[in-house]
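Have a look at this one before I ask anything.
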Amino acid sequence: MKILKETLSKLGNKIELLGNDNHKPILVIGVFHGDEPQGDFLIREYIKINNNSEMLFIPCLNPDGMKLKTRQNANGVDLNRNFPTKNWERVEDKTFYGGEAPNSEIETKFTAEIIEEYKPQLILSLHAPFRTVNFDGDALKYAEKISEIINYPVQEDIGYPTPGSFGTYCGVERNIPTITLELDENIDVKRLVKPVHKIFDYINSMI
């Protein structure tokens, strides 16, 4: 597996798209929020034993936030509120601050460029801590199977407003089936390896 595209964060950390030349249009993203590091570990462990995987991976979209142990990036922006959606709005709440303008952040621009260039037909992003399988767009069948694998409930509505979210940007406005897998943060991440890797194998088989 090689680096297909990369950029540097504000603090000079690498943000990488990994994949192989024979990749499928399936994208898996970890660490939108720096205080949700599980995705980086689970993706990298999968790549160790599946180096020839046909999927595309961004193991860690927010390396600055992960190093700083903050939800937001180095600019204090919640990346999952910064996408240029029709419902984007400036939010004063620091926890969910979506930036001064949509698509203002290095990480958001990098992701949007990948969506445009690689045109994924199925997207999975890894979050924590709600233990749910959330989805946007025509992704119910994927969400239901993932729910069976990991034994989390399917939840179409996360329960609160998410202006400028990645799910809206891809799933609602671009009709790309998009799954947001909210992992359990209260267990050792190593216990998530088996079910999450089974989920990776499942989505790889779907396209």
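The values are calculated or read from the model by the stated rules, or taken from the named source; none is laboratory data. Being a predicted model, the structure only gives us computed values, none of them experimental. So basically every Cβ, Gly included, is an ideal-geometry build from the backbone, and we count neighbours across all protein chains shown. The area values use the complete protein model at the heavy-atom level, side chains included, leaving out ligands, DNA and RNA. Shrake-Rupley method; radii C 1.70, N 1.55, O 1.52, S 1.80 Å.
Over the chain, what is the relative contact order in whole percent, taking alpha-carbon pairs under 8 Å and six or more residues apart?
22 percent
For the pair Asn52 and Lys10, what calculated FRET efficiency results from E = 1/(1 + (r/R0)^6), where r is the Cβ-Cβ distance and R0 = 30 Å, to the nearest 0.05?
So, using R0 = 30 Å, E works out to roughly 0.35.
Then there's this: Looking at the chain, what % of its DSSP beta bridges pair antiparallel, to the nearest 5?
In the chain, DSSP labels about 45 percent of beta bridges as antiparallel.
Here is a further query. Among Thr168, Thr111, Thr178, whose mean-square fluctuation peaks in a Gaussian network model of the chain (Cα, cutoff 10 Å)?
Sorting by GNM fluctuation, first place goes to Thr111.
Can you show me the helix-derived [θ] at 222 nm for the chain, built from DSSP H runs with n ≥ 4 at -39,500 (n - 2.57) apiece and divided by the number of residues, rounded to the nearest 500.
Details: 5 runs with 55 residues, N = 207.
The helix-only estimate for the chain comes to -8000 deg cm²/dmol at 222 nm.
For Tyr97, what residues show an amide H to amide H distance below 5 Å, using hydrogens built from the backbone and excluding near sequence neighbours?
Amide H to amide H, under 5 Å and 5 or more residues apart or across chains, Tyr97 pairs with Asp78.
Follow-up question, since we're still on this one. Which residue, Glu117, Glu182, Glu54, tops the fluctuation ranking in a GNM of the chain built on C-alpha contacts under 10 Å?
Highest fluctuation of the listed residues: Glu117.
While we're on this one: Please report the carbon-and-sulfur percent of the accessible area for segment 5-96; probe 1.4 Å, protein heavy atoms only, DNA, RNA and ligands left out. Kindly include the intermediate steps, with their values, before the conclusion.
Values: 1990 of 4080 Å².
Its accessible area is 49 percent carbon and sulfur atoms.
A further question follows. Solvent-accessible area per residue for segment 1-117 at a 1.4 Å probe radius, Å²?
For segment 1-117, the solvent-accessible area averages 45 Å² per residue.
Would you mind telling me which residue in Ala128, Ala101, Ala74 has the biggest mean-square fluctuation in a Gaussian network model of the chain, where springs connect alpha carbons within a distance under 10 angstrom?
Largest GNM mean-square fluctuation: Ala101.
Treating only the Cα positions of the chain as identical point scatterers, give the base-10 log of I(q)/I(0) from the Debye formula at each q in 0.13, 0.14, 0.19 Å⁻¹.
-0.64, -0.76, -1.56
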